[in-house]
Amino acid sequence: MAEPLEEENRETDLARMNLFVVPVTFRLLTEPCPAMDEDIAFALKQNIPILPVLWETGLEELYQIKFGDRQYLFPFSQDPTEIRYEEKLKNYLDSVLLSEEMAKRVRAAFDAYIFLSYRKKDRRYANELIRMIHADPVCRDIAVWFDEFLIPGESFKENIAHILQDSRLLALLVTPSLLETPNFVMDQEYPAARASGIPILPVEMKKTGRWQLKRKYRAIPRCLDMNRPDARQRFLESIRRYALQDSKDEPAHNYLMGLAYLNGIDVQTDAEQAVKLITSAAEKGLPEAMEKLWNMYFYGTSVKTDYQTSLYWMKKYAEYCEKQYGEDDPETLRVYHNIAATYNFMEEHGTALEIQQRIYDMSARRVGENDMATLLMLSNLGKTCLTLGRYQEALKKCTAAYYGLKKLLGKNDPHVIFAFQNLARCYDEMGDWTQAAALYEAQYKQCCDAQGEASDDAFSALSSLAACYRKQGNYDKSIALGEKYIRDSEQYCGKDHQRTLTARHDLALVLAEKGEKEKALTILREVYSTRCELQGEDHPETILALSNLSQTAFELGDKENAAKAFSRIYKWREERFGEDDPRTVRTLITLGVMLFSTTDKSQAIKISREAYEKAVRCFGAENPETLRAQYNLAFTLLDLQLYEEAIPLLEDSLEKAERKLGMQNPKYFLILQELLRADWMSGKQQKAKDLLERHYEHGVKDKMAAPETAVWIITNLAVLRRAGGNLSGAAALCRELDSYDPKLYEHFLKDREAILRESGNSGSPA
């Protein structure tokens with residue numbers, strides 16, 4: 001589709017497509033090209049099935065702008081819990097393309113066949129004539145053969161002889177091009193038709209010399225001038241005589257005709273007609289039609305994707321299966337499994353869980369808990385529990401599913417590996433990273449033995465293992481595994497492969513967390529440079545690399561350059577997603593945070609104000625992102641000594657932080673510190689003291705504040721009480737420090753001793 005089609009026949013050719021397979025790249029999504037602007041746009045408008053395949057990483061957000069919520073396939077996914085790419089591809093193709101057996105059923109359902117003979121350059125007229133025939137309800141079920149349907153690689157003569165034998169009429173499409181020599185119609189199709197004895201009906205779509213036509217087409221009947229209404233009517237009457245009336249309302253017949261129009265089997269593709277016929281069959285209780293509609297609306301095949309309508313037909317089919325086969329029949333359970341999967345896809349996990357539990361119980365009763373189908377249901381049930389945060393339930397179910405499947409199928413079966421991944425993820429999500437790491441390591445060895453260390457499953461397990469050690473704080477182990485991942489990826493995929501670049505990027509982030517920021521910065525610069533060279537400066541993965549590079553540089557003190565780079569990221573997101581898009585607004589908030597630490601205070605205050613205003617509009621006043629924008633604006637105002645504007649914002653931020661985040665959250669502590677500083681510096685020392693006293697009563701005494709926050713409140717309040725002459729109160733606070741880790745207040749040890757001594761209650765620190 002990279003080259004434009006001939007304009008005259010473009011839409012005709014595109015309309016005959018059963019499926020558009022679209023390799024999605026950054027260039028396709030961002031640069032003008034006929035594929036995106038014309039061909040895919042036409043397919044979307046006509047509801048022709050589209051199969052987008054993301055061919056690069058990092059394109060998800062840009063993809064949504066062009067394709068909306070249409071599903072896609074991603075061969076390079078690193079999510080071990082996803083259904084495999086190959087399985088997704090098979091499921092999609094099965095839902096869109098007909099099997100040879102089904103195509104035979106469809107062809108056998110037509111009332112009759114008409115052979116349309118025409119020159120290929122007259123394709124537009126041929127399409128017009130076919131639509132004229134099928135626009136007549138009586139002629140709906142008459143197939144029209146023409147050479148576009150001939151099988152490539154087979155003999156034209158043999159095919160034409162076979163088609164003429166099965167056809168009731170040859171419609172000869174007449175235009176001046178029929179007089180040109182040589183041409184296949186004149187040399188092969190017309191003589192074969194005369195020899196077979198089939199009736200021939202010439203239809204003149206464009207004025208053609210009558211005597212010339214007679215000289216070149218022996219014994220040609222009189223042409224019907226299709227520009228005249230009476231001739232068009234006579235033509236349709238000639239076709240109608242071959243139509244049967246007794247099958248028009250039969251659900252099975254209508255379903256097959258719907259498939260014919262859906263897939264362009266011996267008729268033109270007509271999505272509207274197809275949906276009408278298949279829906280009619282489904283409404284009359286045909287199970288095949290119900291199942292087809294569920295797939296069509298789920299995948300967006302010739303209709304707009306509509307999960308609610310898909311669910312409606314799934315449930316109708318499930319009701320049919322229950323009534324026909326019983327509630328615990330394998331087919332009934334399969335349908336309910338798909339209903340649950342759809343609810344999970346729609347993120348209605350609670351509803352999905354109820355259905356999964358029901359079908360698991362039925363399967364267990366019917367075939368036993370140790371049957372493969374039952375164990376697979378149990379594994380899916382555990383995965384949904386995990387998604388809902390019901391960790392103990394998830395662990396119990398995933399453990400039973402894994403060991404049951406392992407006993408039944410052996411440790412190297414793909415189902416067993418998938419169940420093992422779910423089990424390891426349970427411990428990971430629960431925060432038991434020691435056990436999770438042990439399972440990920442065992443899984444990695446298992447994948448290497450069964451599939452080789454170059455397999456996707458092996459890379460996925462190794463990545464999960466490295467991430468697990470990172471969460472534990474065991475950075476050395478995580479770094480060692482990350483380096484091994486990079487070596488393996490370079491060996492099997494290449495130094496500049498997406499997998500390798502992503503792994504190097506992830507390794508840099510671990511190094512930064514460990515404190516080796518200079519080393520991390522070096523790697524991030526290399527990754528950014530490579531991505532610029534391979535993918536361009538505007539590719540989403542390049543922008544992500546620049547984002548992490550700038551934030552690491554910011555933490556290392558290169559604040560001016562970091563803010564400048566992040567400003568470019570903001571402009572990139574603003575151009576692609578719009579200024580009020582949540583992704584753009586989040587970037588603007590972070591830019592404001594960075595600018596706060598630079599010398600350009602006027603720009604810092606401008607950006608921080610803009611970020612806060614947009615956050616309120618985008619997220620709402622109570623959202624954590626808005627809170628981040630609000631207190632950053634307040635900090636910037638405070639830094640510029642604009643106390644009257646800063647203090648109300650800080651007070652509101654503190655109140656929201658307590659409600660939304662809790663006093664244990666470090667952000668709450670940070671806002672509290674800045675509010676106290678603002679009150680003190682603006683001459684409101686008593687207000688600052690009262691604020692500390694209040695937090696002592698409701699934060700420290702009630703054990704609501706984090707230990708670090710509690711110690712900070714106690715030590716600062718002790719200093720203020722001492723300064724106000726309340727030595728006994730200050731000493732009481734100092735004694736409270738005995739219940740905290742001395743490392744938290746080692747900076748205060750001398751002051752503590754002095755206060756206790758002055759109050760006459762000397763004592764040594766705990």
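The values are calculated or read from the model by the stated rules, or taken from the named source; none is laboratory data. Since we're looking at a predicted model, the values are computed, not measured. Heads up, the Cβs are rebuilt from the backbone with ideal geometry, glycines too, and the neighbour counts pull from every protein chain shown.
Determine if segment 468-491 includes at least one residue that is of a type outside the set (Val, Ile, Thr), surrounded by 15 or more Cβ atoms within 10 Å (Cβ to Cβ), over 26 Å from the mean Cα position of the chain (by Cα) and over 23 Å from Arg425 (Cα atoms). So far as segment 468-491 goes, yes, one or more of its residues are of a type outside the set (Val, Ile, Thr), surrounded by 15 or more Cβ atoms within 10 Å (Cβ to Cβ), over 26 Å from the mean Cα position of the chain (by Cα) and over 23 Å from Arg425 (Cα atoms). Val593 meets all of the listed conditions (1) in the same structural domain as Leu670 (by TED's automatic domain parsing); (2) under 20 Å from Glu518 (Cβ atoms); (3) modelled with pLDDT under 90 but one, namely (2). When segment 182-191 is filtered for residues that are surrounded by fewer than 18 Cβ atoms within 10 Å (Cβ to Cβ) and either within 26 Å of Ile142 (Cβ to Cβ) or in contact with a helix residue (DSSP H, G or I) (Cβ under 8 Å, 6 or more places away or on another chain) (or both), the ones remaining, listed by number, are Asn183, Phe184, Met186, Gln188, Pro191.
Of all the residues in segment 334-350, those that are surrounded by fewer than 17 Cβ atoms within 10 Å (Cβ to Cβ), in a helix (DSSP H, G or I) and not small (Gly, Ala, Ser) number 2. As for segment 401-410, it holds no residue that is part of a loop (DSSP other than H, G, I, E, B) and farther than 20 Å from Lys445 by Cα.
Taking the criterion of being in a helix (DSSP H, G or I) and exposed (fewer than 13 other Cβ atoms within 10 Å of the Cβ), the only residue of segment 192-209 that qualifies is Ala195. Might you let me know whether segment 213-225 holds any residue that is of a type outside the set (Gly, Ala, Ser) and within 27 Å of Met102 (Cβ to Cβ)? No; the residues of segment 213-225 include none that is of a type outside the set (Gly, Ala, Ser) and within 27 Å of Met102 (Cβ to Cβ). Looking across Glu579, Glu613, one residue alone is outside any helix (DSSP H, G or I), within 30 Å of Tyr63 (Cβ to Cβ) and modelled with pLDDT of 90 or more. It is Glu579. So, in segment 300-333, how many residues would count as being surrounded by 15 or more Cβ atoms within 10 Å (Cβ to Cβ) and among the basic types (Lys, Arg)? Selection size over segment 300-333: 2. Could we say that Thr351 is touching a residue at least 12 places away in the same chain (Cβ under 8 Å) and either touching an Asp or Glu at 6+ places or on another chain (Cβ under 9 Å) or of a type outside the set (Gly, Ala, Ser) (or both) here? Considered against the rule, which asks whether it is touching a residue at least 12 places away in the same chain (Cβ under 8 Å) and either touching an Asp or Glu at 6+ places or on another chain (Cβ under 9 Å) or of a type outside the set (Gly, Ala, Ser) (or both), Thr351 comes out as no. The one condition from (1) surrounded by 17 or more Cβ atoms within 10 Å (Cβ to Cβ); (2) within 24 Å of Ala646 (Cβ to Cβ); (3) in the same structural domain as Leu744 (by TED's automatic domain parsing) that Arg694 does not meet is (1).
Among the residues of segment 221-241, is any hydrophobic (A, V, I, L, M, F, W, C), in contact (Cβ under 8 Å) with a residue 40 or more places away in the chain and under 25 Å from Asn18 (Cα atoms)? Among the residues of segment 221-241, not one is hydrophobic (A, V, I, L, M, F, W, C), in contact (Cβ under 8 Å) with a residue 40 or more places away in the chain and under 25 Å from Asn18 (Cα atoms), which makes the answer no. When Ala512, Ala503 are screened for being crowded, with 16+ Cβ neighbours inside 10 Å and out of contact with any Phe, Trp or Tyr (no Cβ under 6 Å at 6 or more places or on another chain), only Ala512 passes.
For segment 408-420, the criterion of being among the hydrophobic types (A, V, I, L, M, F, W, C), touching a Ser or Thr at 6+ places or on another chain (Cβ under 8 Å) and either over 30 Å from Leu521 (Cβ atoms) or touching a residue at least 24 places away in the same chain (Cβ under 8 Å) (or both) is met by at least one residue. Tell me, please, whether a residue that is touching a His at 6+ places or on another chain (Cβ under 7 Å), surrounded by fewer than 18 Cβ atoms within 10 Å (Cβ to Cβ) and more than 28 Å from Glu516 (Cβ to Cβ) can be found in segment 433-450. No: zero hits.
Taken together, Glu441, Glu369 contain a single residue that is among the acidic types (Asp, Glu) and not in a helix (DSSP H, G or I), which is Glu369. Every condition in (1) assigned to a helix (DSSP H, G or I); (2) within 28 Å of Glu655 (Cα to Cα) is met by Gly683 except one, and the failing one is (1). If you go through segment 364-383 one residue at a time, do you hit one that is more than 27 Å from Val335 (Cα to Cα), surrounded by fewer than 18 Cβ atoms within 10 Å (Cβ to Cβ) and of a type in the set (Gly, Ala, Ser)? Within segment 364-383 (the criterion being more than 27 Å from Val335 (Cα to Cα), surrounded by fewer than 18 Cβ atoms within 10 Å (Cβ to Cβ) and of a type in the set (Gly, Ala, Ser)), the answer is no, since none of the residues qualifies.
Screening segment 24-64 for residues that are touching a residue at least 40 places away in the same chain (Cβ under 8 Å) and within 14 Å of Asp538 (Cβ to Cβ) and picking the one that is farthest from the chain's Cα centre (by Cα) gives Thr30. Any residue that is touching a Cys at 6+ places or on another chain (Cβ under 7 Å), farther than 22 Å from Tyr125 by Cβ, assigned to a loop (DSSP other than H, G, I, E, B) and of a type in the set (A, V, I, L, M) - is there at least one of those in segment 217-230? No, every residue in segment 217-230 fails to be touching a Cys at 6+ places or on another chain (Cβ under 7 Å), farther than 22 Å from Tyr125 by Cβ, assigned to a loop (DSSP other than H, G, I, E, B) and of a type in the set (A, V, I, L, M).
Every residue, every condition in (1) of a type in the set (Val, Ile, Thr); (2) crowded, with 20+ Cβ neighbours inside 10 Å; (3) over 26 Å from the mean Cα position of the chain (by Cα); (4) within 16 Å of Leu591 (Cα to Cα), yes or no:
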| site | (1), (2), (3), (4) |
| --- | --- |
| Lys517 | no, no, yes, no |
| Ala520 | no, yes, yes, no |
| Val527 | yes, yes, no, no |
| Leu544 | no, no, no, yes |
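Evaluating Tyr612 against the criteria (1) in contact with a helix residue (DSSP H, G or I) (Cβ under 7 Å, 6 or more places away or on another chain); (2) touching a residue at least 24 places away in the same chain (Cβ under 8 Å) leaves one unmet condition, (2). Would you confirm whether or not segment 447-455 contains a residue that is under 21 Å from Leu378 (Cβ atoms), touching a helix residue (DSSP H, G or I) at 6+ places or on another chain (Cβ under 6 Å) and among the hydrophobic types (A, V, I, L, M, F, W, C)? Within segment 447-455 (the criterion being under 21 Å from Leu378 (Cβ atoms), touching a helix residue (DSSP H, G or I) at 6+ places or on another chain (Cβ under 6 Å) and among the hydrophobic types (A, V, I, L, M, F, W, C)), the answer is no, since none of the residues qualifies.
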